[in-house]
Amino acid sequence: MLRIIGNNLKQFIVSYRLIFVLFMMSQVVSTLAVMYLYGNISFLQKESIEYNESIRTFTINPVSKFDSSLDKHLTDITKEKKDLIRHITVELDGPVRAFFTYPRTNSVSFGRFFNENDFNLGKKQIIIGDNLVEGSKKVGDIFALDDQHYEIIGIYFFGSYHEIPYKSIENTESITAVSLVLEEAPDQKQVVDWLEYLHSKFPNAIISEPELPDLEDSARNLYEQISYIAIGLIAVLNFSYLYRYILLRRKDQYATLRICGCSNIKGTAIYLIEVLVLSTAQFIFSGIVFHSLASPLFTVINENLKYVLGVGDYLTLYVIYTGVILLIFTPTIAGYSRQMPAALRKDFL
């Protein structure tokens, strides 16, 4: 069967060279568009997460500096309010953030996140924001932070902070703020209760309450995401119609296969595998073009497009892309394959 697929594909490329080129170009353009839209959706989602955190976050700022009791107070809070708190972070001088509690979301653009054991031991490890450092840094390099040396284990593209484990901090006086993120956005009464509770722990601190939710902004982000998804589906549908035209041009070739004993199920499999092979090849090519050329250009044109796709994003996008290809192309190819040779080649009648 693989030989049949190979010969079928070779004959298609040789016999319909111009149509093949146009088909592949349409796929590349559509895929680049889908990657661009996926990047936009991911960026909006990231903004949405940050926004959702802002309506669930209390920020504690010391009047002067935190003292050595900070660790005990934060430990007490995590025990007393365990089911209500999502995570606690502290900010240090400079763009550095440390997690006091092990976070649930732990994806990075490159490298890896802290494993829980190293996190709890407070190992000198850091995840850097690549746009916050001068020169080129890579995983495994040593990064100097407040006269301490940290091993780089991960990198965020366009990260807002460098991140380290809380227990790796040797001087708590360098901590400038504490952020406490709740599981759910509190109502007004709960805000008052939380402020009273936090003031009992930090009587001399300035405590900022969560922002009020902006429903209009949330609705706008949702509308934009739905629009991007719709455009992406239209892009895939676009070249599915072109492939239908290609199948009609190759009806003599398929009629010959059917006459030689190829069943309609086998015929469907042959053309589906052909589509998947061509789609995979052009996806890899499109990914290289997008990551190397298009993505850096977008950030120059529009500074808001700061989301750079990582390896995990491309793999996720490929799985989604392949699923959509199968969903859209299978009915088209199956309908074509069910035709009898006589219907495909009237000269056999």
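Which pairs do you get when a residue that is basic (Lys, Arg), found in segment 195-212, comes within reach of a residue that is assigned to a loop (DSSP other than H, G, I, E, B), reach meaning Cβ atoms under 6 angstrom, with the pair 6+ apart or on two chains?
none
Can you tell which of TYR150, TYR161, TYR156 is in the same structural domain as SER64 (by TED's automatic domain parsing) and modelled with pLDDT of 90 or more? Walk me through how you get there before you give the answer.
Numbers: TYR161 fails: modelled with pLDDT of 90 or more; TYR156 fails: modelled with pLDDT of 90 or more.
Result of the check over TYR150, TYR161, TYR156: TYR150.
Quick test of your reading of the structure: LYS137 fulfils all but one of (1) touching a residue at least 60 places away in the same chain (Cβ under 8 Å); (2) of a type outside the set (Ser, Thr, Tyr); (3) more than 23 Å from ASN117 (Cα to Cα). Name the failing condition by number.
(1)
Given the conditions (1) modelled with pLDDT under 90; (2) exposed (fewer than 15 other Cβ atoms within 10 Å of the Cβ); (3) of a type in the set (Ser, Thr, Tyr), and given that THR172 satisfies all but one, which numbered condition is not satisfied?
Looking at each condition in turn, THR172 falls short on (2).
Which condition number in (1) touching a Phe, Trp or Tyr at 6+ places or on another chain (Cβ under 9 Å); (2) modelled with pLDDT under 70 is the one that TYR223 fails?
Condition (1) is where TYR223 drops out.
List pairs: first in segment 167-181 and within 15 Å of ASP71 (Cβ to Cβ), second among the β-branched types (Val, Ile, Thr) and not in a strand (DSSP E or B), Cβ under 9 Å, 6+ apart or cross-chain?
ILE175/ILE169; LEU180/ILE77
So, in segment 87-139, of the ones that are of a type in the set (Gly, Ala, Ser) and in a loop (DSSP other than H, G, I, E, B), which residue ends up modelled with the highest pLDDT?
Keep residues of segment 87-139 that are of a type in the set (Gly, Ala, Ser), which gives 94, 98, 107, 109, 111, 122, 129, 135-136.
Narrowing further to those that are in a loop (DSSP other than H, G, I, E, B): 94, 107, 109, 122, 135-136.
On the way: GLY94: 76, SER107: 74, SER109: 79, GLY122: 90, GLY135: 77, SER136: 81.
Here the residue is GLY122.
The values are calculated or read from the model by the stated rules, or taken from the named source; none is laboratory data. From a predicted model like this one, the values you see are computed outputs, not experimental measurements. In this analysis, Cβ positions are derived from the backbone assuming ideal geometry, glycine residues included, and neighbour counts consider all displayed protein chains.
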